[in-house]
1. Just to be sure I understand the filter: pairs with C-beta atoms under 9 Å, separated by 6 or more residues or on different chains, first member in the range 36-54 and free of Cβ contacts under 8 Å to residues at least 60 places away in the same chain, second member part of a strand (DSSP E or B) and of a type in the set (Asp, Glu). Which pairs pass?
2. Taking the range 1-38, which residues are within 16 Å of residue 58 (Cα to Cα) and exposed (fewer than 14 other Cβ atoms within 10 Å of the Cβ)?
3. Scan the range 70-103 residue by residue and report those that are surrounded by 12 or more Cβ atoms within 10 Å (Cβ to Cβ) and farther than 18 Å from residue 25 by Cα.
4. Residues of the range 31-84 being β-branched (Val, Ile, Thr), assigned to a strand (DSSP E or B) and closer than 30 Å to residue 105 by Cβ, which ones?
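What follows is calculated from the coordinates using simple rules that are stated; it is not laboratory data. Treat the numbers as computed from the prediction; the structure is a model and nothing was measured. Note that we place each Cβ from the backbone using ideal geometry, even for glycine, and neighbour counts take in every protein chain shown.
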Amino acid sequence: MKTQLIIRDFKRTEGLENFLKSRIEECVSQFFTRTENAQLSVKAQEERHRTETRKPSFLLEVRLKLPGSKLMYHVKRTGDNFNDCVEKVSNALREVMRKKHRQTVAINSRRKQLWANQNYDYDGSVA
């Protein structure tokens, strides 16, 4: 998987990169087995800086493009705590992929049924 990390407005560390990569790639690997050519873009930024009277706000955006598919998964979440924001994004991405996976499985099963029904006449004999 080709993972691109874009971190703005706060310090980039190896631990931060590993944390983001492991969380997001774990979600993707649950649904897709062959992800060598998948393009994953993770953008993390501080939306609102910390002051004496307010907490910082973080924005996390994930885009996933799978090879051979026109579909692009796009999830964007904000939060006051960075770890909670990462958790929100990973849960949302997991739900979006789960929903699309169910739709794909349902469509494929309907196609198989239609194809199987086309090979038989209505009386049950093979055409």
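1. What qualifies is 41/61; 42/61; 43/61; 44/61; 45/61.
2. 6, 8, 9, 11, 12
3. 78, 79, 80, 81
4. Residues of the range 31-84 β-branched (Val, Ile, Thr): 33, 35, 42, 51, 53, 62, 75, 78.
When the remaining residues are screened for being assigned to a strand (DSSP E or B), the result is 42, 62, 75, 78.
Across the range 31-84, the qualifying residues are 42, 62, 75.
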